[in-house]
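For reference, the structure is listed below as structure tokens.
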Amino acid sequence: MTRVYSESVLASYVTYKELYSNNNYRSAYQILAEFVKFILASEEIYRISVPEIKKKVYDVFGFNLPEAVIRAAIKRNDYIEKITNSEDYAVKRQNLKIDPQFMKYRERAERDNTVLTEMLITYVEEKYQVYVNKKELVQEFIAYLIDESNGGKYQEAISSFILENSVQDELVNQLNSIREGSILYMGLNCNIVETGSITNELTLYLDMEILFDIYGYNGEVFKSLASDLISLVKEANRNDKKIKLKYFEETKNKISDFFLAAAEIVKSGSYLKENVAMKAIVNGCKDLTDVNDKESDFFHNLQYQYGITLDDRKEYYLEDDYAANLEEQYVTDEEQLGLKYLSNINKTRKNQVYYDYTKVGYLFVTETWKTLELSKKISYELGNNKINVDENGICRLAVNMSFLTNLLWYKLNRGFGVMNYPYNLDSVIKAKIVLSNFISQNVVTTYDKYKKEYADGELTVEQMAGRLLGLHEKASKPEDITVANLSDNLNFDPKYLCRYEEERELQRVKLEEKEEVIQQLTLSSRVAQEELEVVKNLAESSRAIIDDKEAIIATQKAEIEEKDRLLKRYQKEEQEKNQVNQHKKRIRRFVFHIMIRFVFILLIGSVTYFVSKAIKADNATTVGLIVTVISIVLGTIDIVARVYHKIFDTETSKN
């Protein structure tokens, strides 16, 4: 049965989140006590039971909580007291004091959420031009934001609304506050009393898609979501390894079949259906060996990089397992493998019902919607077979990755004082994931439709190729979806997809025209080639004549250069000979002039000497004569220098 949500629940989540972020509260139960206090004060209640409180909390705030959680919240509060020998509680109205912050957050949240839902309704009406069942749309919107929706006719519209308004920070923050409040409420609803660490062993069996997310085969967004989970597991195992990550033998076989399909694609060279993980595997593979290497690396890295190993239990059909075997109790053709996974989990739990996910011991993690729905149904029915079971708190056999991430985040006490929320709570990321799933499902459906039409002869090869091209253009990963390309990605109208066929036909016509031009150019080129050959032959003949003449000219030029060289050599030798003769001539002239001047000086000196002797000159006179002689000698030296420079400098300047 489809759950009906109170429209007040969105404001309640925001209020709860704001109070949770307030340092005035030490536990989730203290915050819930404020919600209970508000009900008791506003409705003039004096006596009430826990079931009545539970109902009123749901009616007023939309919180559907187990009775055990309600009891824990009102315990040790001075405004309510247990009546002796009764299941009722007495309300001490004099102690009812409402936190002003509670009223402030609630009134603001109610006002903002009214505007938000009105914006959504207007958007859907205007964009899709269809009648909108407002109540149904709001119900889907609530389920969407708190991750309790498994599809609905407004899923695409809600996701488009969020993505197209992703530039409005206030709206996005409001959406994120609702989602953040829902994760905090989840911890309360699961009755997680102790936080800070994982104290019980927990084995998580991961489905193929989860393993592909961890390894990055499904794109960056899903890898980031998986990284949050892996980080929390590592944190939980920091001191003692309480959480183990495994996968069933059937999951391993399913993965091997997937790689086998990839090998067939590489072998045949044809890849038609769009699949992100398949594309990641086949890209870069040249032959089957490359695919086998990727498969080996995949399982190796799962074990040694992420600590994820194959289930070591080999048999699930022993006699002790019969009572917990679900495969005989639930027969389904659509999800037989999923039922086997759930049956295995139930066998490991010994057919026990649990109310705390950290104590279940074993849990299957999958994103397969049919398996999750089957898990919900089976878990509910298993709980109904027990006595005094509160169905709201029953732990399921399988959960999705987001739920598990949020659960561990809360259990490890990442809430109070640490507001670093998991990546999956980003409302824009949520919208992109939903849209990518919607696009991928429509690609598969449309491909199967065209494949049948082609097999029936309704489509030609060209038409099929054009429409497949249109499908391949669709964004298949969340990170590839943007506001700019959203409209094109959501358009699966045959007329729209035919435009790729028209573009392909246009390209074919252009290619034919190009080939025709090439043929004409080739023919013209052939004629031109023949003409070129004639010209080439004439040119070669002329070239031979020119080469002969050039050879003669070169020979004559060489002879002229040789004669010129000899002439220059002769001129140089003659010049050097003349220079030697001139030098000898200058030396003779220099010696001649010097000798004349020396003889003249000796003659003057001798005359002076004999004159001095004749006149019998005294010492003073002799000294004077000596000075005179010295002066004559110095003058002679000066004369010699001037004569030398006169002769040699003049000759150098002439040369």
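What is the spread of the Cα atoms of the stretch 192-301 along each of their three principal axes, largest first, in whole Å?
On the principal axes, the stretch 192-301 reaches 56, 27, 19 Å in Cα extent.
Hey, could you pull the Cα Rg and Dmax for the stretch 356-496, both in Å?
Answer for the stretch 356-496, Rg first and Dmax second: 21.4, 65 Å.
Report in % the part of the accessible area of the stretch 29-185 that belongs to carbon and sulfur, leaving out ligands and nucleic acids; probe 1.4 Å. Mind dumping the intermediate values first?
Numbers: 3460 of 7500 Å².
Answer for the stretch 29-185: carbon and sulfur cover 46 percent of the accessible area.
Please list 3J(HN,Hα) in residue order for the stretch 317-326, calculated via the Karplus relation 6.51 cos²θ - 1.76 cosθ + 1.60 where θ = phi - 60°; whole Hz, with x for glycine and proline.
Per residue, the Karplus-derived 3J(HN,Hα) values read 10, 7, 4, 5, 8, 4, 5, 9, 6, 8 Hz.
Over the stretch 235-379, what is the mean sequence separation of C-alpha contacts under 8 Å (at least six apart), divided by residue count, expressed as relative contact order in percent?
Values: 96 pairs, mean separation 28.0, N = 145.
In percent, rounded to a whole number, it is 19.
For a quick check: with amide H placed at 1.01 Å from N, whose amide H comes under 5 Å from TYR355's, ignoring anything fewer than 5 positions away on the same chain?
So TYR355 has HN proximity to CYS395.
Can I get the semi-axes of the stretch 1-81's equivalent ellipsoid? Compute them from the C-alpha gyration tensor as square roots of 5 times the eigenvalues, in angstrom, largest first. Write out the running numbers ahead of the final one.
On the way: eigenvalues 70, 61, 28 Å².
Equivalent-ellipsoid dimensions as semi-axes: 19, 17, 12 Å.
May I ask you to give the solvent-accessible area per residue for the stretch 127-261, in square angstrom, as obtained with a 1.4 angstrom probe? Please report the intermediate quantities before stating the final value.
On the way: 5580 Å² over 135 residues.
Computed with neighbouring chains in place, this is 41 Å² per residue.
Which residues' amide hydrogens lie under 5 Å from the amide hydrogen of TYR362, considering only partners 5 or more residues apart or on another chain, with H built in the peptide plane?
Those qualifying (amide H under 5 Å, at least 5 residues apart or on another chain) are THR203.
Run through every distinct alpha carbon pair of the stretch 123-246 and return the Kirkwood hydrodynamic radius in angstroms, one decimal place.
Values: mean 1/r = 0.0568 Å⁻¹.
One decimal place: 17.6 Å for the Kirkwood radius.
Could you calculate the contour length gain from LEU566 to MET103, that is, 0.36 nm times the residue separation minus the distance between their Cα atoms, to one decimal place in nm? Walk me through the intermediate numbers first.
Values: separation 463, 0.36 × 463 = 166.68 nm, distance 11.94 nm.
Additional length available on full extension: 154.7 nm.
Which FRET efficiency, nearest 0.05, do LYS92 and ASP59 yield, Cβ-Cβ r, R0 25 Å? Spell out each step's value before the answer.
Working: r = 23 Å, r/R0 = 0.92.
Efficiency, rounded to the nearest 0.05: 0.65.
Keeping to pairs on different chains or 8 or more places apart, tell me how many lysine pairs in the stretch 184-319 have Cα atoms under 14 Å apart. Numbers along the way, then the final one.
On the way: LYS234/LYS242; LYS234/LYS244; LYS246/LYS314; LYS252/LYS314; LYS267/LYS286; LYS279/LYS294; LYS286/LYS294.
Lysine pair count for the stretch 184-319: 7.
Test of the criteria: in the stretch 222-324, which GluC sites (Glu not before Pro) are in a DSSP loop and have at most 11 other Cβ atoms within 10 angstrom of their Cβ? Could the numbers behind the result be given before it?
Working: sites: GLU235, GLU249, GLU250, GLU264, GLU274, GLU295, GLU315, GLU319; in loops: GLU274, GLU315.
Those satisfying the criteria are GLU315.
For the stretch 39-120, which trypsin sites (Lys or Arg not before Pro) are both in a DSSP coil and crowded by at most 13 other Cβ atoms within 10 Å? Kindly include the intermediate steps, with their values, before the conclusion.
Numbers: sites: ARG47, LYS54, LYS55, LYS56, ARG71, LYS75, ARG76, LYS82, LYS92, ARG93, LYS97, LYS104, ARG106, ARG108, ARG111; in loops: LYS75, ARG76, LYS92, LYS97.
Of the trypsin sites (Lys or Arg not before Pro), the ones in loops of the stretch 39-120 whose Cβ has at most 13 other Cβ atoms within 10 Å are LYS75, ARG76, LYS97.
Work through the residues other than LYS153 whose Cβ is under 11 Å from its Cβ and net out their charges, Lys, Arg +1 and Asp, Glu -1.
Working: positive: none; negative: GLU136, GLU140, GLU156.
Net charge around LYS153: -3.
On a full-extension model of 0.36 nm per residue, what is the gain between GLU126 and LEU288, subtracting their alpha-carbon distance, rounded to one decimal in nm?
Values: separation 162, 0.36 × 162 = 58.32 nm, distance 5.18 nm.
Working it through step by step, the gained length comes to 53.1 nm.
The values are calculated or read from the model by the stated rules, or taken from the named source; none is laboratory data. Owing to the predicted nature of the structure, the values given are computational and were not obtained by experimental measurement. Glycine also receives a Cβ, built like all others from the backbone with ideal geometry; neighbour counts cover every protein chain displayed. Ligands, DNA and RNA are stripped out before the accessible areas are found, and what is left, the full protein with its side chains, is counted by its heavy atoms. Shrake-Rupley method; radii C 1.70, N 1.55, O 1.52, S 1.80 Å.
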